[in-house]
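The values are calculated or read from the model by the stated rules, or taken from the named source; none is laboratory data. All values derive from a computational prediction rather than experimental measurement. Note that we place each Cβ from the backbone using ideal geometry, even for glycine, and neighbour counts take in every protein chain shown.
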Amino acid sequence: MALYLSDIVSVSGKPGLHKLVGQRSNGLIVETLGSTKKRFPTSLTQKVSFLSDISMYTYEGDEKLDSIFTKLNKQVEAGLPLVSKKSSAADIQSFFRKVVDNYDEDQVYNSDILKLVSWYKILKEILDFDNLTAPEGEDESVEAKKAQVKNKPKKTTAKSAPKAQSRAKGGVKKSGNLKAG
């Protein structure tokens, strides 16, 4: 089975990238990409972002991550060295300017560029950068899967009936404003 950006997610609080493998009533089941292949459930409090939905700011609008990855891969294959955390701020910006020449420096931070590079390093072994998005027929099923995840009804629990408020002798309620008369 081919893997596409719409199958890969980033989970807040968890390093790296993950493949969506299933869903449950209160979250998703994801598998880490890489050698460990560890599966774990996400919770409703964790933010999960599909890579196919992520874009970066440019002066002409937003540019989708699939387009940026394709450009990055072509540049790297042509000999562009990747930047690292040890690179200077000027080197990071110069590197990304070669990939996306019109990116908005005020809204795209160096940390965003470094995260993009780290994702590229993870994905370069498992993705075909010429086919990052699913073909037309498969794309609808991917969108339906994402819609199910996003629109999954939240599990409701039975709540006990509210307790009757007791009144102490003298008839003073525990809640409410008391005024001196």
The number of residues in segment 8-38 that are modelled with pLDDT of 90 or more and of a type in the set (D, E, K, R) is 3
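Are any of the residues in segment 90-104 under 25 Å from ALA2 (Cα atoms) and surrounded by 15 or more Cβ atoms within 10 Å (Cβ to Cβ)? Steps first, please.
Filtering segment 90-104 down to residues under 25 Å from ALA2 (Cα atoms) leaves none.
No, because not a single residue in segment 90-104 is under 25 Å from ALA2 (Cα atoms) and surrounded by 15 or more Cβ atoms within 10 Å (Cβ to Cβ).
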Would you be able to tell me the number of residues in segment 2-19 that are in a strand (DSSP E or B) and of a type in the set (A, V, I, L, M)?
-> 3
Give the number of residues within segment 25-52 that are basic (Lys, Arg) and within 14 Å of the chain's Cα centre (by Cα).
-> 1
Positions within segment 55-88 being free of Cβ contacts under 8 Å to residues at least 24 places away in the same chain and closer than 29 Å to VAL21 by Cβ, in sequence order | SER55, ASP62, LYS64, SER67
